[in-house]
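Presented below is the structure to which this report refers.
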Amino acid sequence: MTDSENSSQYAIRKGIILYLADWFTPEKVDVVEEVLSRFLTMTGETFTKKRSGRLDAYPGKSCPSGFRNIRGGWQKIFHREFDGEFEPVPSQNGSGVLSLSNCDGEHLQTIHCFLDLSNFKHWVKSSSMVYFQFSRSAPWKDVLDFLFYINQVLDVQYASAGYEMAVNPFHFSPPAIRLLKDMPLVNSYDTEWYFRKYDHTIQCPNLLQVLSEELLSPLSPPPRDSAITLVPLDGGKQAVHILDGEALEEPSEEELLVRLRALNVWFQPILARLEKPMYFKPEAWNIRCRRFD
């Protein structure tokens with residue numbers, strides 16, 4: 001894949017979005033901490049910057065990105081954000097937001113994690129979100145194994161893994177996001193993942209996905225010649241991928257597009273109609289929405 005890259009401001013990474021239906025308690029928050037530790041083991045990197053949903057000042061002249069250096073380890077920041085926010089007995093109370101990264105003004109992040117944990121389930125069951133970005137050198141087999149592990153310890157209602165546009169929060173992001181009009185294989189938090197209205201829909205096909213029983217129920221078996229592979233997971237869920245062999249090798253870009261179009265057809269009963277984000281003109285967004293037609 002051609003990497004449309006400005007090395008300090010934006011580049012293509014691999015990424016995972018998770019939508020979780022867990023009722024968070026202090027014990028369940030500890031599970032999330034272990035998930036983050038596993039993520040760092042998979043990537044071989046560490047977090048150096050943090051932006052808290054409540055404890056940090058809002059971005060300003062002295063810190064336009066809102067990200068500040070981590071002192072004392074990321075686990076300390078994690079506990080500062082989430083300790084005391086969730087009750088021992090599951091209830092509608094409790095929420096927390098935290099971003100962890102290794103970006104700075106001169107270097108684009110090679111890892112990133114955004115956590116939005118909430119027990120407020122009046123609108124959707126999957127009320128919590130975790131978003132990861134990491135290097136394109138990470139094997140897809142490692143990514144699938146990571147998703148298998150997460151599904152064993154958390155209630156994953158929907159997960160999607162593929163290529164993501166990583167944008168340095170120390171820089172202005174719209175120019176990078178607008179490039180996605182001509183990059184059908186690449187998603188972003190700003191265009192696909194920032195808001196999910198309903199539990200029974202998904203935003204788009206991707207290379208690796210996890211579907212709950214609710215999402216699977218409207219789907220017929222995939223066409224045999226579509227290269228769509230289903231792998232059973234705990235809890236009646238299925239991993240869905242369009243990669244090759246046990247090692248999950250990636251085919252050519254042209255073949256990936258063929259398979260994503262087949263996946264798009266299969267997913268029609270559960271595909272959501274996405275609203276235009278602020279950085280796209282209507283015509284460009286229409287092109288983006290038809291990328292797998």
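Counting other Cβ atoms within 10 Å, which GluC sites (Glu not before Pro) in region 5-36 have at most 15 and lie in a DSSP loop?
Counting only loop positions with at most 15 other Cβ atoms within 10 Å, the GluC sites (Glu not before Pro) in region 5-36 are GLU5.
Counting only heavy atoms of the protein chains, get the accessible area per residue of the chain (1.4 Å probe) and round it to a whole Å² value.
46 Å²
Mind checking region 172-229 for chymotrypsin sites (Phe, Trp or Tyr not before Pro) that DSSP puts in a loop (not H, G, I, E or B) and that have at most 16 other Cβ atoms within 10 Å?
Those satisfying the criteria are PHE172, TYR194, PHE195, TYR198.
Go through ASN102, PRO277, ALA138 and say which Cα lies farthest out towards the positive end of the charge dipole of the chain; charges sit on Cβ, +1 for Lys and Arg, -1 for Asp and Glu.
Checking the options against the dipole of the chain, the answer is PRO277.
Compute the distance in nm between two label points, each set 7 Å from the Cα along the Cα-to-Cβ direction, one at ARG261 and one at SER91.
Taking the simple label geometry, ARG261 and SER91 are separated by 5.4 nm.
Rounded to the nearest 20 debye, what is the charge dipole size of the chain about its Cα centre when +1 sits on each Lys and Arg Cβ and -1 on each Asp and Glu Cβ?
It works out to roughly 960 debye.
Mind listing which GluC sites (Glu not before Pro) in region 246-285 are in a DSSP loop and have 10 or fewer other Cβ atoms within 10 Å? Walk me through the intermediate numbers first.
On the way: sites: GLU246, GLU249, GLU253, GLU254, GLU255, GLU275, GLU283; in loops: GLU246, GLU275.
In loop regions of region 246-285 (DSSP not H, G, I, E or B), the sparsely surrounded GluC sites (Glu not before Pro) are GLU246, GLU275.
What FRET efficiency comes out for ASP244 versus ASP293 if R0 is 25 angstrom and r is the Cβ-Cβ distance? Round to the nearest 0.05. Could you put the intermediate results ahead of the total?
Numbers: r = 24 Å, r/R0 = 0.97.
Step by step, r from the Cβ atoms, then E = 0.55.
Taking the Cα centre of region 125-243 as origin, sum charge times position over the Cβ atoms of Lys and Arg (+1) and Asp and Glu (-1), and report the length of that vector in debye to the nearest 20.
It works out to roughly 240 debye.
How would you classify the chain from its alpha-carbon gyration tensor, with a ≥ b ≥ c the square roots of the eigenvalues: rounded for a/c under 1.5, else prolate if a/b is greater than b/c, otherwise oblate? If you can, show how the numbers build up before the last one.
Values: a/c = 1.56, a/b = 1.19, b/c = 1.31.
Judged from the Cα gyration tensor, the chain comes out oblate (a/c at least 1.5, b/c at or above a/b).
To the nearest 0.05, how large is the calculated FRET efficiency for THR41 and LEU230 if R₀ is 25 Å and r is the Cβ-Cβ distance? Walk me through the numbers before you get to the answer.
Working: r = 27 Å, r/R0 = 1.10.
Efficiency, rounded to the nearest 0.05: 0.35.
Using +1 at the Cβ of each Lys and Arg and -1 at the Cβ of each Asp and Glu in the chain, identify which of GLN92, LEU147, LEU179 lies farthest towards the dipole's positive end.
Farthest towards the positive end: LEU179.
If amide hydrogens are placed 1.01 Å from N in the peptide plane, which non-local residues have theirs closer than 5 Å to the one on HIS107?
Result for HIS107 returns nothing.
Which whole-Hz couplings ³J(HN,Hα) result when phi for each residue of region 258-275 is put into the Karplus expression 6.51 cos²θ - 1.76 cosθ + 1.60, θ = phi - 60°, listed in order with x for Gly and Pro?
Result, rounded to whole Hz: 4, 5, 5, 5, 5, 5, 4, 5, 4, 7, 3, x, 10, 7, 8, 8, 7, 7.
Please turn the phi angles of region 276-291 into ³J(HN,Hα) values with the Karplus equation 6.51 cos²θ - 1.76 cosθ + 1.60 (θ = phi - 60°), one per residue in order, whole Hz, x for glycine and proline.
Values per residue, Gly and Pro as x: 5, x, 5, 8, 10, 6, x, 5, 5, 5, 4, 4, 4, 5, 9, 5 Hz.
Given only helices, namely DSSP H runs of n ≥ 4 each adding -39500 (n - 2.57), what is the per-residue ellipticity at 222 nm of the chain, to the nearest 500 deg cm²/dmol?
After summing the helix terms and dividing by the residues of the chain, the value is -7500 deg cm²/dmol.
Give me the net charge for the shell around PRO88: Cβ to Cβ below 14 angstrom, other residues only, Lys and Arg +1, Asp and Glu -1.
-4
Treat every Asp and Glu Cβ in region 36-160 as -1 and every Lys and Arg Cβ as +1, leave all other atoms uncharged, and give the resulting dipole magnitude about the Cα centre to the nearest 20 debye.
It works out to roughly 240 debye.
For each pair in LYS28/LYS76; LYS14/LYS181; LYS181/LYS276; LYS125/LYS237, compute the distance between the two Cα atoms and list the pairs where it is over 21 Å.
Result: no pair exceeds 21 Å.
Among the aspartates and glutamates, select those whose C-alpha is under 18 Å from the C-alpha of LYS121, and discard any that sit fewer than 8 residues away in the same chain.
Of all the aspartates and glutamates, those that pass the test against LYS121 - Cα under 18 Å, at least 8 places apart if same chain - are ASP22, GLU85, GLU87, ASP155, ASP199, GLU214.
Roughly speaking, what is the centre-to-centre gap between region 237-273 and region 100-163 when only Cα atoms are used, to the nearest Å?
Taking the Cα centre of region 100-163 as reference, the centre of region 237-273 is 19 Å away.
Could you give the nm distance between label points at LEU271 and LEU179, where each point is 7 Å from its Cα heading toward the beta carbon?
In this crude spin-label approximation the distance works out to 2.6 nm.
The values are calculated or read from the model by the stated rules, or taken from the named source; none is laboratory data. Keep in mind that this is a model prediction, so the values were computed, not measured. Here Cβ is always computed from backbone atoms with ideal geometry, including for glycine, and neighbour counts include all displayed protein chains. Keep in mind that these areas ignore ligands, DNA and RNA; they rest on the heavy atoms of the full protein, side chains included. Shrake-Rupley method; radii C 1.70, N 1.55, O 1.52, S 1.80 Å.
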